[in-house]
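Working notes for the structure below.
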Amino acid sequence: MKPIVLFGSPGSGKGTQAKMLTDCLGVPHFSTGDMLRDRIRHGNQISPMVAAKMHSGALVSDELVNQLVMEQITGPEASRGFVLDGYPRTLAQAEHLCKWLDGSGLREVVIHLAVDYNVIIARLTGRRMCPRCGTLYNVASRPPRVDEQCDLDGQKLVIREDDSEEVIRERLAAYDRQTRPVLDYYRKAGRRVVQVDANYDPPGVIFQRIRGAVEADDCSKNGG
Ligand code: ADP
């Protein structure tokens, strides 16, 4: 199984698709956003400055995320493949990852989830999260059974600090500045980038598109 890099702006549905991919393929899902939040929650070797950066929508240092990702992808869990979500987000991260993959004889497939910004702003401002188990809901497209309560454990749902409209706009600007160029980097380097329309269809339909692209890629590498 080759590594899959899920690429797309905040709110493009990377987390949802990553979870569907890992359920279907049985490979782990590594999200740098989750890794960072997890460390902050456990007060684990993360400075208050990192948390402040995340809450403002800015990116944290390449050095820190490179290190977090390396710990995961070099571990035994990743030996049969993995899905990366939220990484690489800068050219320096992309170069770091490509160098490691090349050195390990691996070739990734990059899936670009393409979504219009107006669709994203509507999606993200409606997002709610369970503070205990992390389950995500959306008031428009995936409401909880009982208003504002988690279906799984009944906790009162919260709006993530980085889902306010002001912060969302900052995250989209950061994406345009720092992350969009990563796509050009992959394309120019002749690496495989598949664009998937992720605007309006339900997650299951988008997932089938991604799966088709991943399988087509595997077949072409195996000579049929
Ligand atoms: P979203 O995709 O919705 O922006 P994430 O959960 O992926 O949210 O990330 C939340 C925050 O964590 C980002 O705004 C950023 O501050 C930080 N972060 C996550 N991944 C990276 C990364 N690869 N490089 C730098 N910062 C990151």
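The values are calculated or read from the model by the stated rules, or taken from the named source; none is laboratory data. What you see is a predicted model; the values in this text were computed from it and never measured. All Cβ positions, glycine included, derive from the backbone under ideal geometry; neighbour counts span all protein chains shown.
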Item checked: Any hit, region 31-52, residues being in contact with an Asp or Glu (Cβ under 7 Å, 6 or more places away or on another chain) and among the hydrophobic types (A, V, I, L, M, F, W, C) -> no
Note to self: Whether any residue in region 128-148 is of a type in the set (D, E, K, R), in contact with a Phe, Trp or Tyr (Cβ under 7 Å, 6 or more places away or on another chain) and closer than 25 Å to D201 by Cβ is what I want to check.
What the structure shows: yes
Check: Exactly one of (1) at positive phi; (2) buried (at least 18 other Cβ atoms within 10 Å of the Cβ) is unmet by E148. Its number?
Finding: (2)
Item checked: Residue check, V115 more than 15 Å from the ligand (Cβ to nearest atom), buried (at least 16 other Cβ atoms within 10 Å of the Cβ) and touching a residue at least 60 places away in the same chain (Cβ under 8 Å) -> no
Notebook entry, point to check: If you go through region 177-210, how many residues are in a helix (DSSP H, G or I) and either among the polar types (S, T, N, Q) or under 16 Å from the mean Cα position of the chain (by Cα) (or both)?
Noted result: 10
Item checked: Hey, V50 within 15 Å of the ligand (Cβ to nearest atom), β-branched (V, I, T) and in contact with a His (Cβ under 9 Å, 6 or more places away or on another chain) or not -> no
Next item on the list: Could you list all residues from region 37-68 that are touching a residue at least 24 places away in the same chain (Cβ under 8 Å), closer than 26 Å to T135 by Cβ and of a type in the set (S, T, N, Q)?
Entry: S56
Next item on the list: Out of G26, G43, G33, report the one residue that is surrounded by fewer than 16 Cβ atoms within 10 Å (Cβ to Cβ), modelled with pLDDT of 90 or more and out of contact with any helix residue (DSSP H, G or I) (no Cβ under 6 Å at 6 or more places or on another chain).
Entry: G26
Next item on the list: Please find, within region 1-23, the residue that is surrounded by the fewest Cβ atoms within 10 Å (Cβ to Cβ) out of those that are over 8 Å from the mean Cα position of the chain (by Cα) and among the charged types (D, E, K, R).
Entry: D23
